[in-house]
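Note sheet for the following structure.
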Amino acid sequence: MINKILENLKIAALNEMQIASIEASKKKGDIVLLSPTGSGKTLGFLLPIISRMDPEDTCIQTLVIAPSRELVIQIEQVFRSMGTGFKVNSTYGGHLVKTEINNLKTPPAILIGTPGRIADHISRGRIDPDTISILVLDEFDKSLEFGFKEEMSYIIGQMKNVKKRFLTSATAMDEIPDFTRMNTPITLDFLSNSDAAPVQLQLKSVTAIGKDKLNVLFRLLCKLGDEATLVFCNHREAVERTSELLTAEGIRHGIFHGKMEQEDRERSLIKFRNGSVRVLITTDLASRGLDIAEVRNIVHYQLPTTENIFIHRNGRTARMNAEGTAWLVLAEGDYAPKFITEPVEDIALDENYPLPQLPFWTTIYIGSGKKDKINKTDIVGLLLKKGNLQKDDVGLIEVQDFTSFVAVNKDKAAGLIRLVENEKIKKKKVKIAIAR
């Protein structure tokens, strides 16, 4: 079955960590999986789970607890793409409670959620914890950092029949809290190289004249052009302030931080993933767990305060043998933090780089999704047959519960909207517009 899953995921082979996790899961004892961000931990626990699940069981068999809504959605998408035949649902703050209640009436085999929402469903009797035999605590260190200890302790305390536990973390822990009830765990430690920058990662710096770093950030983004770039700030106020200033300079970008509405956060990530924006200004919320492929540059506009933060930010690039560059933006007189021991090449920027070209893609919103029985094939058919697009004019498609988003050639977007505004998908008229 694993070979079929890898074929569905378009993965040639498992990595060393994933193989070790599968083998360890065959033994008695729970699993503690320590591995750097971006190393494939999601498959590292999903693949061993499949062999332990019963296709005939109509109850929730596996519960996966993750610290953020974005990570929950990502895990769900990976599981669906595996094509196992098992039902999967997600539960998280910002998701319609009514939808989740309806999903739970016919329980999924695997439920993925954030601690707060799972705890709420259990307390209201919507989830029967006694049926759950497999528990995954994904990015457990981050869940503790986000303050979810009380909720996780409550959830685990309600589960009496767990036979196997997986705990994953991107950082080493001095001890595992007793409330996790880990039973003689087998520890798989793949963090040995995580205290250094990946081999494919280059470290460079740019230095401002004086203390105003915005101008040097602006010139750096112009130099990088259309390369996918994450710009990290330490606080949401800095994200918003930097965004306002770059907007005034004509740099197209998105933003991402924890105080944004969930819908706006998701749209920012969708547009960045599909190339509608090539620059995303963010807090460290985007440094962990999010599957953002092909990020070429990490820009530390505000310097990380700890080595762990530096490692996790940089883990968004130089992944899967791809190359990447981490940039430090320094004010005059600043130095790289002491925990950065690798050589950092200082780069002199020109004064007159042209503004980056606008992205090839723009994002189209479709007011229909999985719950309406809409799939990617339906959407492509509409865009090609009724919207007069060619295959090369259609990029990444993401289908959610009640909405879908499609990257299309920006030069054809307005004409597309006019052509399909009165068309139907699955005999149902749907709203189609350029995503705000």
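The values are calculated or read from the model by the stated rules, or taken from the named source; none is laboratory data. Keep in mind the model is a prediction, meaning the values are calculated, not measured. We place every Cβ from the backbone using ideal geometry, glycine too, and count neighbours over all the protein chains shown.
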Of Lys211, Lys223, Lys259, which residue is of a type outside the set (Gly, Ala, Ser), touching a helix residue (DSSP H, G or I) at 6+ places or on another chain (Cβ under 6 Å) and farther than 19 Å from Arg316 by Cβ?
Lys259
Specify the residue that is surrounded by the fewest Cβ atoms within 10 Å (Cβ to Cβ); the eligible residues are those in region 328-379 that are among the aromatic types (Phe, Trp, Tyr) and farther than 23 Å from Arg296 by Cβ.
Tyr335
Would you say Leu419 is farther than 29 Å from Arg80 by Cα and assigned by TED's automatic domain parsing to the domain that holds Gly381?
yes
Can you name the condition, by its number, that Ser143 falls short on among (1) in a loop (DSSP other than H, G, I, E, B); (2) of a type outside the set (A, V, I, L, M); (3) closer than 17 Å to Thr42 by Cα?
(1)
Checking Ala293 against (1) under 27 Å from Gln77 (Cβ atoms); (2) surrounded by fewer than 20 Cβ atoms within 10 Å (Cβ to Cβ); (3) among the hydrophobic types (A, V, I, L, M, F, W, C); (4) at pLDDT 90 or above, which test does it fail?
(4)
Kindly indicate whether any position in region 20-42 is surrounded by fewer than 22 Cβ atoms within 10 Å (Cβ to Cβ), of a type outside the set (Val, Ile, Thr), without any contact (Cβ under 8 Å) to a residue 40 or more places away in the chain and outside any helix (DSSP H, G or I).
yes
Residues (buried (at least 17 other Cβ atoms within 10 Å of the Cβ) and touching a His at 6+ places or on another chain (Cβ under 8 Å)) located in region 232-264:
Phe232, Arg236, Val239, Ser243, Leu246
Quick one: Tyr365 ticks every box in (1) more than 23 Å from Ala414 (Cα to Cα); (2) aromatic (Phe, Trp, Tyr); (3) not in a loop (DSSP other than H, G, I, E, B) bar one, so which box is it?
(1)
Being among the acidic types (Asp, Glu) and either crowded, with 22+ Cβ neighbours inside 10 Å or over 26 Å from Ile311 (Cα atoms) (or both) is the filter here; which residues of region 1-19 pass it?
Glu7
Residues of region 64-89 classified as crowded, with 21+ Cβ neighbours inside 10 Å and more than 21 Å from Asn8 (Cα to Cα), total:
6
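Quick grid of which residues meet (1) buried (at least 17 other Cβ atoms within 10 Å of the Cβ); (2) closer than 17 Å to Val64 by Cβ; (3) touching a Ser or Thr at 6+ places or on another chain (Cβ under 7 Å); (4) aromatic (Phe, Trp, Tyr):
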site: Gly93; (1), (2), (3), (4): no, yes, yes, no
site: Leu104; (1), (2), (3), (4): yes, yes, no, no
site: Asp128; (1), (2), (3), (4): no, yes, no, no
site: Asp141; (1), (2), (3), (4): yes, yes, yes, no
site: Lys149; (1), (2), (3), (4): no, no, no, no
site: Leu167; (1), (2), (3), (4): yes, yes, yes, no
site: Ile176; (1), (2), (3), (4): yes, no, no, no
site: Thr184; (1), (2), (3), (4): no, no, no, no
site: Phe190; (1), (2), (3), (4): yes, no, yes, yes
Set Thr403, Thr325: member being in contact (Cβ under 8 Å) with a residue 12 or more places away in the chain, surrounded by 15 or more Cβ atoms within 10 Å (Cβ to Cβ) and assigned by TED's automatic domain parsing to the domain that holds Leu303:
Thr325
